[in-house]
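Down below is the structure, laid out as structure tokens.
Just so it is clear, none of the values below were taken in a lab; they were calculated from the coordinates. Bear in mind the structure is a predicted one, so any value in this text is a computation, not a measurement. Neighbour counts run over all protein chains shown; Cβ positions are idealised from the backbone, glycine included.
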């Protein structure tokens with residue numbers, strides 16, 4: 001049985017094996033949680049990304065790296081979509097970021113994964129729309145696989161506003 005929880009805090013502080021980085025398509029670090037993860041993981045993360053993603057990564061896809069100086073087993077980097085009003089496939093791309101992150105951890109045999117709220121920061125995806133997409137994508141992915149090693153999914157929300165929205169949607 002999959003345990004899905006919503007907590008208030010940073011994804012880097014969660015006791016999970018793999019964390020998801022809301023990265024940009026260039027895979028070279030940036031602002032928000034991407035910058036925090038790069039800073040805490042250390043300079044070898046960027047060197048690994050140069051090697052494993054020399055041309056970056058398309059929106060909704062994933063790149064897997066080691067966690068370097070972080071306590072986790074690895075980092076799943078996924079560029080979420082920029083909000084352009086909702087008529088440019090943003091919802092499908094956002095769901096793909098969550099599904100592909102889960103699939104990567106599944107292939108790695110991981111038992112736990114921590115998500116932040118992908119695309120709701122500087123990419124301006126409305127959290128009221130993003131939360132049901134995120135939680136729905138996780139539930140749908142789990143229902144679509146016969147068996148997975150993933151036992152726990154943590155949604156770590158840095159802001160109180162995001163936390164309250166995700167908590168409400170989780171309970172629905």
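If each residue's Cβ is checked for other Cβ atoms within 10 Å, how do 2, 129 rank with the fewest at the top?
Details: 2 13, 129 17.
In order of increasing Cβ crowding within 10 Å: 2, 129.
Which percentage, to the nearest 5, of the DSSP beta bridges contained in the chain is antiparallel?
Here the share of antiparallel DSSP bridges comes out near 20 percent.
State the dimensionless ratio Rg/Rh of region 102-166 (Rg: radius of gyration of Cα atoms; Rh: Kirkwood radius).
Radius of gyration relative to Kirkwood radius: 1.00.
Using only C-alpha atoms and all pairs of different ones, pull out the Kirkwood radius for the chain in Å with one decimal.
Taking every pair of different Cα atoms in the chain, averaging 1/r and inverting gives 15.7 Å.
Among 117, 122, what is the fewest-to-most ranking by other Cβ atoms within 10 Å?
122, 117
Could you work out, for region 1-94, what percent of all Cα-Cα pairs fall into each 10 Å distance bin, beginning at 0 Å and stopping at the bin that holds the largest distance?
All Cα pairs, binned at 10 Å, distribute as 16, 45, 30, 8 percent.
Let me have the relative contact order for the chain, percent, based on Cα pairs under 8 Å that are six or more residues apart.
On the way: 336 pairs, mean separation 54.7, N = 172.
This gives 32 percent for the chain.
Per residue of the chain, what 222 nm ellipticity follows from adding -39500 (n - 2.57) for every DSSP H run with n ≥ 4, rounded to the nearest 500? Spell out each step's value before the answer.
Working: 5 runs with 69 residues, N = 172.
About -13000 deg cm²/dmol.
Among 70, 45, which comes first, second and so on when ranked by fewest other beta-carbon atoms within 10 Å?
Placing the least packed residue first, the sequence is 70, 45.
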